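Values in this text are rule-based calculations from the coordinates and carry no lab data. Just so we're clear, the structure is a prediction, and the values are computed from it rather than from any experiment. Cβ sites come from the backbone with ideal geometry, for glycine too, and all protein chains shown count toward neighbours.
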Amino acid sequence: MRVMAQMAMVMNLDKCIGCHTCSVTCKQAWTNRQGTEYVWFNNVETRPGLGYPRGYEDQEVWKGGWEVTANGRLRLKAGGRLTKLLNIFSNPKMPSIQDYYEPWTYDYETLLNAPAQDTFPVARPTSLISGKHINIEWSANWDDDLGGSTEHAAKDPMLKGIEDKVKFEFEQTFMFYLPRICEHCLNPSCAASCPSGAIYKREEDGIVLVDQDRCRGWRMCVTGCPYKKVYFNHKTGKAEKCTFCYPRVEVGIPTVCAETCVGRLRYIGLMLYDADKVLEAAAVEDEHDLYEAQRSVFLDPRDPAVQREAERAGIPGDWIEAAKKSPVLKLITDYKVALPLHPEYRTMPMVWYIPPLSPVVDVIKDTGYDAEDKDNLFAAIDALRIPIEYLANLFTAGDTRPVEAVLRRLAAMRSYMRDINLGRDPQAHIAEAVGMEEEEMYEMFRLLAIAKYGDRYVIPTAHGEQAHALEELATDCPVSSFDEELLDSSGPFGEGSGRGAVTPVAVENLKMLQERAQSETLVSGGGKRGRVNLLNWDGRGMPEGLFPQRQKGVEPPSGGDSPQQPTDDRSVLEDGQARPDNVAGADGGQQR
Amino acid sequence: MSTFLWVIFPYICLATFVVGHVWRYRYDKFGWTTRSSQLYEDKLLRIGSPLFHFGILFVAVGHFMGLIVPQSWTERAGMSQELYHIVALLGGLPAGIACLVGLAILVYRRRTVGPVFRATTVNDKVMYAVLAVVIVLGMWNTIAGTLLNLGIAGDHYNYRDGVSPWFRQIFWFQPDASLMEGAPLGFQLHALLAFLLFAMWPFTRLVHVFSAPIGYFTRPYIVYRSRDERPGTATGTRAQKRGWERVP
């Protein structure tokens, strides 16, 4: 047994409203640079739909991931080492910019500087690739919310085998959102495809990273990754990918996408696994067994034997503790409601998903039946073959049984909790029907519905003895960060060359952020109690807390007339405070 | 002049080549890349790039045969001058043609495909010009020296008597400039420009030649690395500066 720790994520798809906040904040943080205009480390897809890049899931076309040979060995689908090197001068299976989309900007200059003319000036879109005017015909989420459309959804590779039924029952179509980041796989085919050995998996937390100094731009990783989550920066000529926000995770705060998720649907925690078993599990013959095989690789940190082995493998004590409390462990191992995305690629992905029950619920609701009744839900899960088969194509290589089991658990939870919320007696048989204890079901509900920040993100910090360096604390010599080569942003061989390219990644430090996210009070001082709800304020008088306390000896901004100002509000005078001038009221007339 | 051209200049170029690479590797690992433009355009590259690269690899093997292996060795192995030329021609001509055709396709692509042209730097253009002239001159030497003269007057230039010994002498620091003085103009220009190309090499995208991923054959598929091995973890992502090393 060789215990390794892996930082993993679970997303609860029922809660995703497709707002793209994760994508936007991720882009702002990581890929708003030249060369990565088209790159989305995090993107949200409407399913059924084509995804980004278009149709990336069709591995018969793109040749991503692994396949099993006749003698039961794993082989890169795009070919082994020799094939790779023979094709090194031009990668035969690399998506072109058109498969992603041509990034553009608008010609705002015209809007601002256009002379007077009969027609309104317009800002025409300009390609960031060719610099010419373009017609925008596609983008990273062009088919957003078009889950049912024949034009886009019908081409979804995941509909193969059930396409006729979908057409047949098109009126009953369904839709949900799928946010995607790099899977940080246990058996990453991007790393295996890299001729230079620049992509590596970190021993400490399993995050898969590209060493920018070693990458030589051979582009084999782009082909190798079946999720198409390694991107080629066309400006620097290097591969880039989602970093699981390692500078943040190292100091114990969640990734940008998770932190900013409006629906709070992402869970981050550790998983311990047996590294010796990974290859064997990835090479099981039947695709349908891959989900179970991957689960068998995981170790339970609550098992003393595993703890001992983990310690022997050098995993620090606080990491083992964090692994025990991991919400990801609960969702994958205990409640068994999370499933991997496309296990059939055999990369052992580590961002898992709780499949959405919403397609099922929606159908029942539309028919007028009670969508929270257990029997109705169970019957619907059995009857609604199309959403189930589709979900199975995404999460279990087409095996509908695990998806059904998950949906039944979610349905049971829904129905069980309704009784509690309505003050009726909880019905133990609902939990039993899906093989759970009542208490367990309640715990699962808490984790899925109302888990707090600290429960959703259990992230042990990188080790204390290194924390000073990781947090880039101010105790470093302040001059050392301002030396001239950091200011020089580009070297002689194009953008990003030279040592000036290395910019320190500064992050908000752990304490600041956790304080803000978890405290009951406001970090800026004062409590929420004294605040005024403006919706209830009738505009008369000045309730306490409408304005911050004025400091003694500070003059009000508009000068000396305030002491003589007539006021009809006694509470202000009693407080001994001057009335601020920007309050709408009598003073407007007086000034005139 | 002759000493400068055939002794001093080559040494300047080779020194620049070696020192330049060491400097570039230390200073600019991040800029060390092929700077691929495949993302912009795929179809022409799919034909042109392998043609050019495989062509130039075979040309390199040919140069090794012609320049490094002395004539006496091949003769001792029982290979006559005529046989050698036929072998050189049979190998060299297709390789050279593939290389030239590939280059033509790639240059055409670079000029006509908008995004690719936009991504082409002045550095690239100068390098392509020198590279193209060197290749064309080399082809001309092969054709003129072998095909056109063969069997006409019998007095064609045998580079294995002139250029090759001079080239080898450079490496034991006793180059004889007179050997090159007698060579035809085509050979002289080819050699001079080739050395110029060597001097430019470390400062252009040609550095990617030295990234040929031979290690891929022997390394395990999945690379594991510890966070501590990451260069520059010392303070944040910055490397330690001289004089600021931490106390262990």
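Considering the options A:Ala282, A:Ala258, A:Ile320, tell which one lies farthest towards the positive end of the dipole of the range A:251-321, charges being +1 on Lys and Arg and -1 on Asp and Glu at the Cβ, about the Cα centre. The listed residue farthest towards the positive side: A:Ala258.
Residues within the reach of a label modelled at B:Ala129 (point 7 angstrom out along Cα to beta-carbon, backbone nitrogen below 20 Å), restricted to the range B:176-210, are B:189-207. Dipole orientation for chain B: of the candidates B:Ser2, B:Cys99, B:Asn158, B:Cys99 has the Cα lying most toward the positive pole (charges on Cβ; Lys, Arg +1; Asp, Glu -1). A simple spin-label model places pseudo-atoms 7 Å from Cα toward Cβ; at B:Ala104 and A:Asp455 they are separated by 7.2 nm. Remark: for residue pairs A:Lys77/B:Lys29; A:Lys336/A:Lys452; A:Lys15/A:Lys241; A:Lys229/A:Lys325; A:Lys365/A:Lys452; A:Lys27/A:Lys277, the C-alpha separation exceeds 24 Å in A:Lys77/B:Lys29; A:Lys15/A:Lys241; A:Lys229/A:Lys325; A:Lys365/A:Lys452; A:Lys27/A:Lys277.
Note on the range A:1-108: dipole from Cβ charges, positive end direction compared against A:Thr25, A:Leu50, A:Val61; the farthest Cα belongs to A:Val61. Return one number: the angle in degrees, 0 to 90 and rounded to the nearest 10, between the long axis of the Cα atoms of helix B:185-200 and the longest principal axis of the Cα atoms of chain B. Roughly 10 degrees between the two axes. Counting only trypsin sites (Lys or Arg not before Pro) that are in a DSSP loop and have at most 14 other C-beta atoms within 10 Å, tell me the longest site-free stretch of chain B. Maximal segment without exposed cleavage sites: B:1-240. Every Cα-Cα pair in the range A:70-146 was counted, and those over 19 Å apart are 63% of them. When +1 charges are put on Lys and Arg Cβ atoms and -1 charges on Asp and Glu Cβ atoms, the dipole computed for chain B relative to its Cα centre reaches about 1540 debye. For the range A:44-145, which GluC sites (Glu not before Pro) are in a loop by DSSP, counting at most 16 other Cβ atoms within 10 Å? Here the GluC sites (Glu not before Pro) that fit, given the DSSP loop and packing criteria, are A:Glu137.
So if a site counts as exposed when it's one of the chymotrypsin sites (Phe, Trp or Tyr not before Pro), its DSSP state isn't H, G, I, E or B, and it has at most 10 other Cβ atoms within 10 Å, what's the longest stretch of chain B without one?
B:1-171
In order along the range A:283-296, the phi-based Karplus estimate (6.51 cos²θ - 1.76 cosθ + 1.60, θ = phi - 60°) of 3J(HN,Hα) comes to 9, 4, 5, 7, 4, 5, 7, 5, 4, 5, 4, 5, 5, 6 Hz; Gly and Pro are listed as x.
Computing FRET efficiency as 1/(1 + (r/R0)^6) for A:Glu437 and A:Glu137, where r is the C-beta to C-beta distance and R0 is 60 Å, gives about 0.65.
With n ≥ 4 as the cut-off for DSSP H runs, can you work out [θ] at 222 nm for chain B, using -39500 (n - 2.57) per run divided by the number of residues, rounded to the nearest 500?
So the helix-based figure for chain B works out to -17500 deg cm²/dmol.
With axes computed from alpha carbons, what is the tilt in degrees of helix B:9-27 against the longest principal axis of chain B, rounded to the nearest 10 within 0 to 90? Long axis of B:9-27 versus the principal axis of chain B: about 20 degrees. Cα gyration tensor of the range A:45-97, axes a ≥ b ≥ c as square roots of the eigenvalues: rounded (a/c below 1.5), prolate (a/b > b/c) or oblate? Verdict is oblate for the range A:45-97. For the range A:44-112, the set of trypsin sites (Lys or Arg not before Pro) satisfying both a DSSP loop assignment and a count of at most 13 other C-beta atoms within 10 Å is given as A:Arg73.
Rounded to the nearest 20, the Cβ-based charge dipole of the range B:1-146 about its Cα centre (Lys and Arg +1, Asp and Glu -1) stands at 600 debye. Taking the inverse of the mean reciprocal distance over all distinct Cα pairs, the Kirkwood hydrodynamic radius of the range A:298-341 comes to 11.0 Å. Compared with the dominant principal axis of the Cα atoms in chain B, helix B:43-63 is inclined by about 60°.
Treating each Cα of the range A:373-424 as one equal point scatterer and applying the Debye formula with no solvent, the log10 of I(q)/I(0) at q = 0.13, 0.19, 0.21, 0.23 Å⁻¹ comes out as -0.34, -0.62, -0.70, -0.79. For the range B:1-114, a/c is not less than 1.5, where a ≥ b ≥ c are the root eigenvalues of the C-alpha gyration tensor, and a/b does not top b/c. That puts it in the oblate class.
Quick one: grab the alpha carbon gyration tensor of chain B, order the square roots of its eigenvalues as a ≥ b ≥ c, and give me rounded if a/c is under 1.5, else prolate or oblate depending on whether a/b is larger than b/c.
Verdict is prolate for chain B.
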